[in-house]
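*Asks:* Sharing a structure with you now.
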Amino acid sequence: MGKVSLQIDGQPVTVEAGTSILDAAAQVGIKIPTLCYLEEINKVGACRICVVEVEGEKDLVAACNTPAEDGMVVHTNTPAVRASRRTTLELILSDHPAECLTCVRNGNCELQALASQLNVRTVRFGGATHAGLPRDDSTPALVRDPRKCILCGRCVSVCNNIQAVGAIELQGLGFEAFIGPPANLELAATSCVQCGQCALVCPTAAIAEKDDIDKVWAALADPQKHVVVQTAPATRVTVGEEFGLTPGTPVTGKMVAAFRRLGFDAVFDTNFAADLTIMEEGSELIERVKNGGVLPQFTSCCPGWIKYVEHFYPAFLPHISSCKSPQQMFGAVAKTYYAQKIGIDPADIFVVSVMPCTAKKFEAERPEMNAASTYWNNPRIHRDVDAVLTSRELVRMIKQAGIDFADLPPDEYDKPLGVSTGAAAIFGATGGVLEAALRTAYELLTGKTLEKVDFHEVRGLKGVKEAVVPVNGTELKVMVVHGLNNARYAMEKLKAGALKDYHFIEVMCCPGGCIGGGGQPIPTDTPVRHRRIEGIYQVDAAMKYRKSHENPAIKELYEEFLEKPLGHKSHTLLHTQYTPRG
Amino acid sequence: MMGVSSGVLPQVPPEASVAGTAALLGIETPVLCCIKGVDRAGTDRAGVVAVVHPLQEKADVSYRGLLLVNWVLRELVRRCGNQDVFSVEVLRHFLELVQEASCGRCIPCRLGTRRMLEYVSGLVRGTAVRFSPDELAAMARFVGVSSRCDLGRIAGKLVANTVCCYRRAFERYPVQEAALGF
């Protein structure tokens with residue numbers, strides 16, 4: 001492509017043809033304000049906040065989706081531009097509840113920040129509002145508050161174009177236009193996979209995670225309860241962001257210390273269960289390969305992905321590993337093995353998960369996730385996992401408790417469910433589950449030590465990654481996809497019979513894997529995802545053990561309780577079945 | 001002539017060359033994105049309803065279309081006879097039509113034309129507060145230059161022009177003293 005030269009606010013700039021005025025301006029240090037715009041996701045020019053004057057044009061143009069042209073003369077800060085932006089913002093605010101002080105996005109709301117940036121201190125307009133619209137809290141994971149929706153369309157774009165789900169859409173005309181599920185359905189009645197990517201991109205609090213903090217405070221205050229917490233692999237490189245640390249900074253020790261101060265009785269690690277997952281899922285793969293089972297085998301760690309297959313590709317559910325996710329394996333083990341080991345009534349154990357993901361809330365409430373109750377034949381035990389907090393909720397709890405997180409001295413996880421390996425740590429990044437499985441499968445199949453444990457071919461943010469790994473005379477063909485639109489690509493290939501020679505496919509619902517999960521700190525964009533992934537591999541490299549089957553606590557678990565991978569107890573506690581949802 | 005508060009357009013003489021256009025501008029017309037392919041000589045066929053949806057990514061405003069709509073509105077007002085009443089009534093119906101056709105994506109069109117409609121409706125009902133034609137014109141100009149597609153741009157420019165041409169009509173309506181709202 002050629003280059004074009006233009007002038008923006010008197011400054012000459014040369015950019016690639018096709019570059020937007022917004023990006024061209026950024027190259028000369030001019031930050032044009034935006035609201036609906038979201039790089040790589042939403043460039044519809046709907047909100048009109050980014051309007052600029054272009055000499056020769058009768059009207060203002062949106063900088064986000066107007067390409068720079070040769071000879072263009074652009075003005076970004078004229079009285080007309082300022083007045084237009086201000087009026088646009090005032091119009092939005094005239095139909096937006098003034099609940100900033102009690103809003104979950106207070107201090108992290110793009111609308112609030114824009115009002116400050118544009119120096120809007122009053123709203124001149126009044127009139128009809130959408131204040132009467134009801135909240136939709138029909139799902140266990142997400143809450144929709146249409147009163148706060150500014151119709152920027154980001155959620156619709158991400159749900160349709162990145163996640164290929166299409167659970168919500170822009171409906172109605174004029175002032176009556178709104179965003180929501182079709183036919184006025186509740187979100188729970190749609191094919192929404194509850195991944196929370198909509199909440200991650202929402203500039204306000206029109207879609208947010210369902211807050212379970214009070215449930216956890218109540219358990220912590222109950223002297224009868226033995227409250228344990230598990231922390232997902234991806235949370236340790238993101239929570240620090242909310243306390244001023246660079247994205248991707250590992251804060252594992254600080255998190256553990258914070259949990260102790262919050263009053264948890266035991267602080268454990270989902271990474272322990274991730275190692276357990278590799279033992280079970282790796283064994284399942286080996287069994288499928290050796291015995292002519294259904295291949296390729298797809299990973300099953302991600303609840304958003306599971307729900308997606310249940311809705312959109314139910315005929316292919318036999319391809320999904322029967323292993324529960326690490327979160328659910330942990331819950332089942334905590335209320336059986338751990339309860340037995342320390343001599344506590346499992347009904348008194350309250351398991352809290354801290355997850356990067358909103359879909360984990362849905363997963364914990366799936367009817368079949370009560371293995372401990374079945375195992376002990378005790379209905380008092382209820383769920384395997386009692387409460388799920390997202391990274392954002394954990395941050396709010398820490399802030400509420402007045403803990404100076406940044407200055408906390410690091411602490412260590414409790415044993416035995418806090419012992420883990422580097423293989424488990426990389427579950428948080430796209431390609432991590434597959435890499436961890438390869439580290440173990442190679443050694444189990446060959447009986448040789450894997451010297452080079454880093455599989456760089458399956459790392460990074462490329463949407464679809466493939467590799468061929470020679471293992472004991474067999475060429476193990478693997479694929480990694482992240483983001484459900486890429487998952488759809490893989491499933492369509494599977495449907496067309498083009499994946500017959502593949503053995504193992506990792507799917508993560510969210511772009512970048514769990515480090516980009518719907519419950520992670522906001523903002524989560526591509527540069528932030530890159531830094532978080534770097535942080536994940538730092539954690540891996542620093543671990544004493546880097547292969548799941550080397551985890552001494554896992555060995556102990558099998559010796560003392562489970563006996564062997566895919567054994568009877570494993571099937572009862574660690575494996576599950578799926579629900580075709582059509 | 002219908003009453004001001006009835007909210008119904010007055011009858012237009014059937015022989016009027018603008019009648020066809022008036023029908024096309026009527027409330028039952030579901031979509032009005034832009035008007036094209038019309039010239040002043042063919043007024044009985046004027047006002048062909050647009051086929052270009054407001055969702056189009058980028059649309060240069062059709063100034064020919066704007067001129068036509070503007071002319072239609074002024075012609076309706078002129079033929080009605082009672083300009084003081086009718087200009088505001090026509091504007092109200094026009095803004096209702098714009099609201100019904102607006103895709104709802106862009107703020108100036110969705111909320112700007114809605115607020116203008118509320119001002120004008122308030123004026124007609126006698127519930128307008130602190131109304132000022134200058135403020136309405138300012139809002140209209142904003143909508144006219146900032147909207148995403150022809151619908152909002154034409155609507156804004158047309159309202160601004162109508163306020164300019166028939167300012168006296170707007171000023172004849174009683175306005176309450178309360179200081180809330182626009």
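*Asks:* So residue B:123 fits all but one of (1) within 12 Å of the chain's Cα centre (by Cα); (2) over 16 Å from residue B:69 (Cβ atoms); what number is the exception?
*Replies:* (1)
*Asks:* Report, by residue number, each residue of the range A:76-115 that is within 16 Å of residue A:53 (Cα to Cα), buried (at least 16 other Cβ atoms within 10 Å of the Cβ) and more than 12 Å from chain B (Cβ to nearest Cβ).
*Replies:* The one that is within 16 Å of residue A:53 (Cα to Cα), buried (at least 16 other Cβ atoms within 10 Å of the Cβ) and more than 12 Å from chain B (Cβ to nearest Cβ): A:76.
*Asks:* Let me ask something else about it. Condition (residue is modelled with pLDDT of 95 or more, under 30 Å from residue A:31 (Cα atoms) and at the interface with chain B (Cβ under 9 Å from one of its Cβ atoms)) applied to the range A:124-135: is it met by at least one residue?
*Replies:* No; the residues of the range A:124-135 include none that is modelled with pLDDT of 95 or more, under 30 Å from residue A:31 (Cα atoms) and at the interface with chain B (Cβ under 9 Å from one of its Cβ atoms).
*Asks:* Further question on the same structure: Under 6 Å between Cβ atoms, at least 6 apart or on separate chains: pull out the pairs that start in the range B:141-152 with a residue that is at the interface with chain A (Cβ under 7 Å from one of its Cβ atoms) and within 14 Å of residue A:82 (Cβ to Cβ) and end on any residue that is hydrophobic (A, V, I, L, M, F, W, C) and assigned to a loop (DSSP other than H, G, I, E, B).
*Replies:* B:145/A:60; B:146/A:60
*Asks:* Given the range A:53-168, what helices (runs of 4 or more DSSP H) lie entirely inside it while holding 2 or more residues that are on the phi < 0 side of the Ramachandran plot and charged (D, E, K, R)?
*Replies:* Of the helices (runs of 4 or more DSSP H) lying wholly inside the range A:53-168, those with at least 2 residues that are on the phi < 0 side of the Ramachandran plot and charged (D, E, K, R) span A:79-94.
*Asks:* Follow-up. Got a number for residues in the range A:549-575 being in contact with a helix residue (DSSP H, G or I) (Cβ under 7 Å, 6 or more places away or on another chain), of a type in the set (D, E, K, R) and surrounded by 15 or more Cβ atoms within 10 Å (Cβ to Cβ)?
*Replies:* Here the count works out to 1.
*Asks:* Can you tell me which residue among A:452, A:462, A:477, A:448 is among the basic types (Lys, Arg) and under 23 Å from residue A:162 (Cβ atoms)?
*Replies:* None of the other options fit; the residue is A:462.
*Asks:* Here is a further query. Over 15 Å from residue B:168 (Cα atoms), β-branched (Val, Ile, Thr) and modelled with pLDDT under 70: is that true of residue B:61 in this structure?
*Replies:* Spelling it out, residue B:61 is indeed over 15 Å from residue B:168 (Cα atoms), β-branched (Val, Ile, Thr) and modelled with pLDDT under 70.
*Asks:* Quick one: would you say residue A:314 is surrounded by fewer than 24 Cβ atoms within 10 Å (Cβ to Cβ) and within 22 Å of residue A:382 (Cβ to Cβ)?
*Replies:* For residue A:314, the condition - surrounded by fewer than 24 Cβ atoms within 10 Å (Cβ to Cβ) and within 22 Å of residue A:382 (Cβ to Cβ) - is not met.
*Asks:* I need the full set of residues from the range A:169-198 which are in contact (Cβ under 8 Å) with a residue 12 or more places away in the chain, within 14 Å of another protein chain (Cβ to nearest Cβ) and not aromatic (Phe, Trp, Tyr), in order please.
*Replies:* Answer for the range A:169-198, where residues must be in contact (Cβ under 8 Å) with a residue 12 or more places away in the chain, within 14 Å of another protein chain (Cβ to nearest Cβ) and not aromatic (Phe, Trp, Tyr): A:169, A:170, A:177, A:179, A:180.
*Asks:* Report, by residue number, each residue of the range A:53-75 that is within 11 Å of chain B (Cβ to nearest Cβ) and not hydroxyl-bearing (Ser, Thr, Tyr).
*Replies:* A:53, A:57, A:58, A:59, A:60, A:61, A:62, A:65, A:67 - these are the residues of the range A:53-75 that are within 11 Å of chain B (Cβ to nearest Cβ) and not hydroxyl-bearing (Ser, Thr, Tyr).
*Asks:* Continuing with this model, one more query. Could you grab me the full set of residues in the range B:90-117 that are closer than 23 Å to residue A:130 by Cβ and either surrounded by fewer than 21 Cβ atoms within 10 Å (Cβ to Cβ) or more than 7 Å from chain A (Cβ to nearest Cβ) (or both)?
*Replies:* B:92, B:95, B:96, B:97, B:98, B:100, B:109, B:113, B:116, B:117
*Asks:* All but one of (1) within 21 Å of residue A:434 (Cβ to Cβ); (2) more than 20 Å from the chain's Cα centre (by Cα); (3) not acidic (Asp, Glu) hold for residue A:277; which doesn't?
*Replies:* (2)
*Asks:* Another one. Between B:126, B:144, which is on the phi > 0 side of the Ramachandran plot and not aliphatic (A, V, I, L, M)?
*Replies:* None of the others qualify; the one that does is B:126.
*Asks:* Looking at the range A:154-166 only, could you name the residues that are away from every other protein chain (no Cβ under 14 Å) and either surrounded by 23 or more Cβ atoms within 10 Å (Cβ to Cβ) or in contact (Cβ under 8 Å) with a residue 60 or more places away in the chain (or both)?
*Replies:* A:158, A:159, A:161, A:162, A:163, A:164, A:165
*Asks:* With the requirement that a residue be β-branched (Val, Ile, Thr) and more than 11 Å from chain B (Cβ to nearest Cβ), what does the range A:39-51 give you?
*Replies:* Hit for the range A:39-51 is A:41, nothing else.
*Asks:* Next question, about the same structure. If only one of A:467, A:441, A:496 is among the aliphatic types (A, V, I, L, M), without any contact (Cβ under 8 Å) to a residue 24 or more places away in the chain and in contact with a helix residue (DSSP H, G or I) (Cβ under 6 Å, 6 or more places away or on another chain), which one is it?
*Replies:* Criteria check complete, one pass: A:467.
*Asks:* Go through A:554, A:533 for me and flag whichever is within 27 Å of residue A:207 (Cβ to Cβ) and either touching a Cys at 6+ places or on another chain (Cβ under 6 Å) or modelled with pLDDT of 95 or more (or both).
*Replies:* Of A:554, A:533, the one residue that is within 27 Å of residue A:207 (Cβ to Cβ) and either touching a Cys at 6+ places or on another chain (Cβ under 6 Å) or modelled with pLDDT of 95 or more (or both) is A:533.
*Asks:* Could I ask something else about it? Which of the numbered conditions does residue A:184 fail, given that it passes all the others? Conditions: (1) modelled with pLDDT of 95 or more; (2) under 30 Å from residue A:516 (Cα atoms).
*Replies:* Unmet for residue A:184, out of (1) modelled with pLDDT of 95 or more; (2) under 30 Å from residue A:516 (Cα atoms): (1).
*Asks:* Please enumerate the residues belonging to the range B:134-172 that are part of a helix (DSSP H, G or I) and of a type in the set (D, E, K, R).
*Replies:* Listed by number, the residues that qualify are B:134, B:135, B:141, B:150, B:153, B:157, B:167, B:168, B:171.
Residues are listed down the side, and each one gets a yes or a no for (1) of a type in the set (A, V, I, L, M); (2) at pLDDT 95 or above; (3) in the same structural domain as residue A:390 (by TED's automatic domain parsing):
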residue: A:471; (1), (2), (3): yes, no, yes
residue: A:476; (1), (2), (3): yes, no, yes
residue: A:479; (1), (2), (3): yes, yes, yes
residue: A:486; (1), (2), (3): no, yes, yes
residue: A:489; (1), (2), (3): no, yes, yes
residue: A:506; (1), (2), (3): no, yes, yes
residue: A:510; (1), (2), (3): no, yes, yes
residue: A:513; (1), (2), (3): no, yes, yes
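*Asks:* Here is a further query. Quick check on this structure: which one of A:63, A:26 is in contact with a Cys (Cβ under 7 Å, 6 or more places away or on another chain) and small (Gly, Ala, Ser)?
*Replies:* A:63 is the lone residue from the list that is in contact with a Cys (Cβ under 7 Å, 6 or more places away or on another chain) and small (Gly, Ala, Ser).
The values are calculated or read from the model by the stated rules, or taken from the named source; none is laboratory data. Quick caveat: nothing in here was measured; it's all calculated off a predicted structure. Positions of Cβ are backbone-derived with ideal geometry, glycine not excepted, and every protein chain shown enters the neighbour counts.
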